[in-house]
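One structure coming up, written as structure tokens, with questions to follow.
Only the coordinates and a few stated rules stand behind these numbers; no lab work does. Note that the coordinates shown come from a computational prediction; the quantities given were computed from them, not determined experimentally. Glycine also receives a Cβ, built like all others from the backbone with ideal geometry; neighbour counts cover every protein chain displayed.
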Amino acid sequence: MHILVTGGAGFIGSHLVEHHLAKGDAVHVVDNLSTGRFENIEPFLDNPRFHFDEADILTWAGLEKAATWADRIYHMAAVVGVFRVLEDPIRVLATNIAGTERLLRFASAGRWKPQIVIASSSEVYGPTPAELLREDAMLYVQSAGKSRWNYALSKLADEAQGLSYARQYNIPICVVRLFNTVGPRQTGRYGMVLPRFVEQALSGGPITIYGGGTQTRSFCDVRDTVVALDLLADTPAASGEIVNVGNDREISISALADLVCARAKMNVERQHLSYVEAYGQQYDDILRRKPSLEKLVRLTGFTHQWRLEETLDDLIAQYRKRKAG
Ligand code: UDP
């Protein structure tokens, strides 16, 4: 199978590459290395079935050819991470919306209609009070227009584009709402809490807990995520659908800090910061974010292979190795 991964040098993208190379597929990555990192794909460069173009999907002349070559496209290219969203809210809208539009236009132009998986995000659920987030829920959009929500708005636009192209051009497109994906190769540079806590614990602390720490998240190992995406792309009934992809085990951010310390056998200080101190005025937190996985399981029979403790042990080992190196 021919697989195109936009944003394939990113954290999730590079795991998709690894997964499909292991299955014997040919994989083409386009990434401008703005969020993605060269070191994520470096191990694949010797593989004759792997091809990399360092390019921006907004302007890359090869996108049309790559999109029509592919049997399947994973569209992962996006500006992500709270710090980057707050830093450059205009670029978030431009890259995420226009990039998806350009890709879908090319993919729909060829005679051959590839399977397409579009990465959306649990961010689109917004600050909802719902305990369990289902794909058919009404969505909350904050009218005060804080920059934080630009990411959610850009992903909502991507969802609408994906579903519209699926209907109008009869392309098998599945939109996935990814919930707090974690695992090897994720960097804490752009805000993601788990790699930050691991780095902080291993370098002697303090661990920075924002907004009290009672807010909860549900973390899914990226190696489970890529299996779920592969299954969804292969499932005709998932075409034209929006599907949550994550893990429904919930944990508070304070408990996560405790778990990181326990697994790393490091007891470091916790530093509590308010959201304003951490992110400034353009941020609102989401207190709870737990996916309903009923649709994913019904469509694909997916089951998780990775527990959070195992993910953490891998991350801790990886950071220790990198530090030693
Ligand atoms: N968070 C924290 N300390 C950090 C980074 C993040 O307490 O150093 C909190 C953040 O405020 C949020 C949660 O951890 O409540 C998850 O943050 P992340 O940016 O990883 O994901 P998201 O908010 O998009 O779910």
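Look at V268 and say whether it is in contact with a Gly (Cβ under 9 Å, 6 or more places away or on another chain), within 16 Å of the ligand (Cβ to nearest atom), farther than 30 Å from N150 by Cα and of a type in the set (V, I, T).
Considered against the rule, which asks whether it is in contact with a Gly (Cβ under 9 Å, 6 or more places away or on another chain), within 16 Å of the ligand (Cβ to nearest atom), farther than 30 Å from N150 by Cα and of a type in the set (V, I, T), V268 comes out as yes.
Take R196 and tell me if it is among the charged types (D, E, K, R), within 12 Å of the ligand (Cβ to nearest atom) and either surrounded by fewer than 23 Cβ atoms within 10 Å (Cβ to Cβ) or in contact (Cβ under 8 Å) with a residue 40 or more places away in the chain (or both).
Working: among the charged types (D, E, K, R): yes; within 12 Å of the ligand (Cβ to nearest atom): yes; either surrounded by fewer than 23 Cβ atoms within 10 Å (Cβ to Cβ) or in contact (Cβ under 8 Å) with a residue 40 or more places away in the chain (or both): yes.
Yes.
Let me ask another. Those residues that are closer than 21 Å to N247 by Cα, crowded, with 19+ Cβ neighbours inside 10 Å and not small (G, A, S), I need them from segment 131-158; list them, please.
Correct list: L133, K155.
Only residues that are outside any loop (DSSP other than H, G, I, E, B) and within 10 Å of the ligand (Cβ to nearest atom): list them for segment 171-180, please.
The answer is none; no residue qualifies.
Taking segment 26-70 only, how many residues are touching a Gly at 6+ places or on another chain (Cβ under 6 Å) and crowded, with 20+ Cβ neighbours inside 10 Å?
Looking only at that region, the number is 5.
Another question, then. Among S121, S164, S154, S143, which is under 18 Å from V82 (Cβ atoms), hydroxyl-bearing (S, T, Y) and more than 13 Å from the ligand (Cβ to nearest atom)? Walk me through how you get there before you give the answer.
Numbers: S121 fails: more than 13 Å from the ligand (Cβ to nearest atom); S164 fails: under 18 Å from V82 (Cβ atoms); S143 fails: under 18 Å from V82 (Cβ atoms).
It is S154.
Also: I'd like to know if segment 227-249 contains one or more residues that are within 11 Å of the ligand (Cβ to nearest atom) and either more than 15 Å from the chain's Cα centre (by Cα) or of a type in the set (S, T, N, Q) (or both).
no
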